[in-house]
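*Asks:* Handing you a structure now.
The values are calculated or read from the model by the stated rules, or taken from the named source; none is laboratory data. No experiment lies behind these values; they were computed from the predicted model shown. As a convention, Cβ positions derive from the backbone with ideal geometry for all residues, glycine included, and neighbour counts pool all protein chains shown. Accessible surface areas use protein heavy atoms only, side chains included; no ligands, DNA or RNA. Shrake-Rupley method; radii C 1.70, N 1.55, O 1.52, S 1.80 Å.
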Amino acid sequence: MLLSIKTQLKLNSRERVLMSKHAGIARFTYNWGLATWQSLYKDGYKPNHRFLRRFFNNYVKKNPDLSWLKEKGICQKITEFAFEHLGDADQRFFKGLADYPNFKKRSKSLGSFTINSSGRAVSVGGTRVKLPTIGWVRTYEGLPHTSTTKFTISERAGNWYISFAFEQELPKPLATIPVVGVDLGIKALATLSTGVVFSNPKARDKMKKKLAKQSRQLSNKTRGSKRYLQQKLRVAKTHKRTSDMRLDATHKATTTISKNHAKIVVESLNVKGMMANHKLAGAVGDANFYEFRRQLEYKSQKFGSEILFAHPFYPSTKTCSSCGHVQDMPLAVRIFDCQSCKISLDRDWNAAKNLEKLLV
């Protein structure tokens with residue numbers, strides 16, 4: 001199976017400047033391609049990313065002002081992948097899968113870039129990796145001993161990360177529990193039919209005051225000044241901290257579920273509809289429902305487990321897990337008191353038990 005990994009790079013000041021130059025060239029190339037594509041399209045042409053790349057290469061050769069694109073130590077593959085990314089963005093737009101591609105702005109992030117070694121496999125492993133043209137760079141954590149064909153380097157909140165895909169044989173299943181039902185929620189991140197509960201860190205609520213204060217301080221500074229940029233980085237790091245808290249809880253929960261259960265039944269939630277409710281949107285986004293499902297899907301393959309999604313209208317919350325009686329359950333009611341068999345238990349646990357029964 002195909003797996004991917006993303007980890008932080010341990011860079012010195014010289015390496016950070018080099019990464020920024022690569023990201024800047026990738027951003028410039030992408031924006032040049034998008035602007036040229038728009039201009040040609042208005043004139044009645046329908047160019048693709050390969051035509052734009054050839055056009056760009058000839059343009060660079062004839063324009064001495066762009067000699068900085070060929071600076072020593074710069075991997076020339078970044079322009080090739082920049083046009084590929086532009087082509088992918090165009091395809092997603094025409095298929096109705098995404099909005100029209102926008103120009104990339106340095107004010108939002110230094111960006112990212114992709115490089116390869118002309119299609120040749122590159123060996124990785126340990127805490128060092130040799131990138132094409134760039135040379136050796138270090139990582140904070142050890143990489144798996146494998147090989148890959150390309151790397152993507154990206155920046156976020158002042159830190160640089162490396163990501164790549166690699167192939168790995170399917171492992172033997174490690175599950176000790178045959179079937180489990182998983183109920184996703186806001187108060188608890190996930191409740192299993194076995195009684196295990198994964199708590200929701202509620203990162204948004206924890207960081208809300210700090211983020212609001214930092215945002216006010218940012219608005220009071222002169223845009224573009226040194227103090228403005230410093231404060232902007234503080235805000236970005238707070239956003240990253242919030243996201244990391246959320247992702248950490250999600251990763252721990254999905255790994256435990258996928259590794260220890262042979263068959264997993266999860267409710268299929270209408271996240272888009274839930275986000276339309278302005279009273280629930282913030283809490284739903286903080287619960288990370290979509291990311292939880294995405295991680296369960298690929299981790300179930302990684303650990304050799306099987307995953308099944310219940311129908312969105314399956315009344316797992318309204319149905320008694322003991323006798324099957326169906327009754328209304330307002331969102332504010334946290335205990336399921338069956339009107340038929342008089343059993344009383346937590347509503348999330350009751351829903352998880354009903355999900356488990358779909359495979360029993």
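*Asks:* Return the residue satisfying two criteria in turn: it lies in region 25-71 and is within 33 Å of the chain's Cα centre (by Cα) and basic (Lys, Arg), and of such residues it is farthest from residue 90 (Cα to Cα).
*Replies:* 70
Residues checked against (1) at negative phi; (2) surrounded by fewer than 20 Cβ atoms within 10 Å (Cβ to Cβ); (3) touching a helix residue (DSSP H, G or I) at 6+ places or on another chain (Cβ under 9 Å); (4) not in a strand (DSSP E or B):
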position: 313; (1), (2), (3), (4): yes, yes, no, yes
position: 321; (1), (2), (3), (4): yes, no, yes, yes
position: 330; (1), (2), (3), (4): yes, yes, no, yes
position: 336; (1), (2), (3), (4): yes, no, yes, no
position: 345; (1), (2), (3), (4): yes, yes, yes, no
position: 352; (1), (2), (3), (4): yes, no, no, yes
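*Asks:* A further question follows. If you go through region 33-53 one residue at a time, how many are open to solvent by 40 Å² or more (accessible area, probe 1.4 Å) and either in contact with a strand residue (DSSP E or B) (Cβ under 8 Å, 6 or more places away or on another chain) or part of a helix (DSSP H, G or I) (or both)?
*Replies:* Applying the first criterion (open to solvent by 40 Å² or more (accessible area, probe 1.4 Å)) to region 33-53 yields 35, 38-39, 41-46, 48-51, 53.
When the remaining residues are screened for being either in contact with a strand residue (DSSP E or B) (Cβ under 8 Å, 6 or more places away or on another chain) or part of a helix (DSSP H, G or I) (or both), the result is 35, 38-39, 41-42, 49-51, 53.
Summing the residues that are open to solvent by 40 Å² or more (accessible area, probe 1.4 Å) and either in contact with a strand residue (DSSP E or B) (Cβ under 8 Å, 6 or more places away or on another chain) or part of a helix (DSSP H, G or I) (or both) in region 33-53 gives 9.
*Asks:* I want to confirm something. Restricting to region 161-190 and keeping residues that are among the polar types (S, T, N, Q) and out of contact with any Leu (no Cβ under 8 Å at 6 or more places or on another chain), which single residue is most open to solvent (accessible area, probe 1.4 Å)? Working first, answer last.
*Replies:* Residues of region 161-190 that are among the polar types (S, T, N, Q), as a first pass: 163, 168, 176.
Filter once more, keeping what is out of contact with any Leu (no Cβ under 8 Å at 6 or more places or on another chain): 163, 176.
On the way: 163: 30, 176: 113 Å².
Among those that are among the polar types (S, T, N, Q) and out of contact with any Leu (no Cβ under 8 Å at 6 or more places or on another chain), it is 176.
*Asks:* Condition first: of a type in the set (Val, Ile, Thr) and closer than 30 Å to residue 165 by Cβ. Can you find one or more residues in region 305-312 that meet it? Spell out the reasoning first.
*Replies:* Residues of region 305-312 of a type in the set (Val, Ile, Thr): 307.
After this cut, where a residue has to be closer than 30 Å to residue 165 by Cβ as well, the list is 307.
Yes, region 305-312 contains at least one residue that is of a type in the set (Val, Ile, Thr) and closer than 30 Å to residue 165 by Cβ.
*Asks:* In region 309-356, which residues are among the aliphatic types (A, V, I, L, M) and without any contact (Cβ under 8 Å) to a residue 12 or more places away in the chain? Don't jump to the end; show me each part of the working.
*Replies:* As a first pass, look at region 309-356 and keep what is among the aliphatic types (A, V, I, L, M): 310, 326, 329, 331-333, 335, 343, 345, 351-352, 355.
Of everything in region 309-356, those that are among the aliphatic types (A, V, I, L, M) and without any contact (Cβ under 8 Å) to a residue 12 or more places away in the chain turn out to be 326, 331, 332.
*Asks:* Of the conditions (1) surrounded by 12 or more Cβ atoms within 10 Å (Cβ to Cβ); (2) at pLDDT below 90; (3) over 19 Å from residue 162 (Cβ atoms); (4) not polar (S, T, N, Q), residue 104 satisfies every one except a single condition; which number is it?
*Replies:* (2)
*Asks:* Something else: Out of all the residues in region 110-120, is one or more open to solvent by 40 Å² or more (accessible area, probe 1.4 Å) and among the aromatic types (Phe, Trp, Tyr)?
*Replies:* Checking region 110-120: not a single residue is open to solvent by 40 Å² or more (accessible area, probe 1.4 Å) and among the aromatic types (Phe, Trp, Tyr).
*Asks:* Does residue 85 satisfy the condition of being touching a residue at least 60 places away in the same chain (Cβ under 8 Å) and either outside any helix (DSSP H, G or I) or of a type outside the set (Val, Ile, Thr) (or both)?
*Replies:* Values: touching a residue at least 60 places away in the same chain (Cβ under 8 Å): no; either outside any helix (DSSP H, G or I) or of a type outside the set (Val, Ile, Thr) (or both): yes.
So residue 85 does not fit the description; no.
*Asks:* Where the second residue is basic (Lys, Arg) and part of a helix (DSSP H, G or I) and the first is under 14 Å from residue 231 (Cβ atoms) and lies in region 206-217, which pairs have Cβ atoms under 9 Å and are six or more apart or on separate chains?
*Replies:* 210/241; 211/204; 214/234; 217/234
*Asks:* Just for region 149-160: of the residues that are open to solvent by 20 Å² or more (accessible area, probe 1.4 Å) and closer than 12 Å to residue 4 by Cβ, which one is farthest from the chain's Cα centre (by Cα)?
*Replies:* 150
*Asks:* Being under 18 Å from residue 191 (Cα atoms) and free of Cβ contacts under 8 Å to residues at least 24 places away in the same chain is true for just one of 267, 297. Which residue is that?
*Replies:* Of 267, 297, the one residue that is under 18 Å from residue 191 (Cα atoms) and free of Cβ contacts under 8 Å to residues at least 24 places away in the same chain is 297.
*Asks:* On to the next question. Look at region 207-238 and say how many of its residues are assigned to a helix (DSSP H, G or I) and either touching a helix residue (DSSP H, G or I) at 6+ places or on another chain (Cβ under 7 Å) or of a type in the set (Ser, Thr, Tyr) (or both). Let's see the steps before the verdict.
*Replies:* Initially, region 207-238 is screened for residues assigned to a helix (DSSP H, G or I), giving 207-219, 226-238.
Retained after the next criterion (residues that are either touching a helix residue (DSSP H, G or I) at 6+ places or on another chain (Cβ under 7 Å) or of a type in the set (Ser, Thr, Tyr) (or both)): 207, 210-211, 214-215, 217-219, 228, 231-232, 234-235, 238.
Residues in region 207-238 being assigned to a helix (DSSP H, G or I) and either touching a helix residue (DSSP H, G or I) at 6+ places or on another chain (Cβ under 7 Å) or of a type in the set (Ser, Thr, Tyr) (or both): 14 in total.
*Asks:* Further question: Looking only at residues that are in contact (Cβ under 8 Å) with a residue 24 or more places away in the chain, touching a Ser or Thr at 6+ places or on another chain (Cβ under 9 Å) and surrounded by 13 or more Cβ atoms within 10 Å (Cβ to Cβ) in region 134-148, which one is farthest from residue 111 (Cα to Cα)?
*Replies:* Going through the qualifying residues, I end up with 147.
*Asks:* Now for a different question. More than 30 Å from residue 304 (Cα to Cα), out of contact with any Leu (no Cβ under 8 Å at 6 or more places or on another chain) and modelled with pLDDT under 90: is that true of residue 224 in this structure? I'd like the intermediate steps shown before the answer.
*Replies:* Values: more than 30 Å from residue 304 (Cα to Cα): yes; out of contact with any Leu (no Cβ under 8 Å at 6 or more places or on another chain): yes; modelled with pLDDT under 90: yes.
Yes: the conditions hold for residue 224.
Per-residue answers, yes or no, for (1) touching a His at 6+ places or on another chain (Cβ under 7 Å); (2) within 28 Å of residue 306 (Cα to Cα):
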{"site": "136", "(1), (2)": "no, no"}
{"site": "145", "(1), (2)": "no, yes"}
{"site": "150", "(1), (2)": "no, no"}
{"site": "154", "(1), (2)": "no, no"}
{"site": "161", "(1), (2)": "no, no"}
{"site": "177", "(1), (2)": "yes, yes"}
{"site": "197", "(1), (2)": "no, yes"}
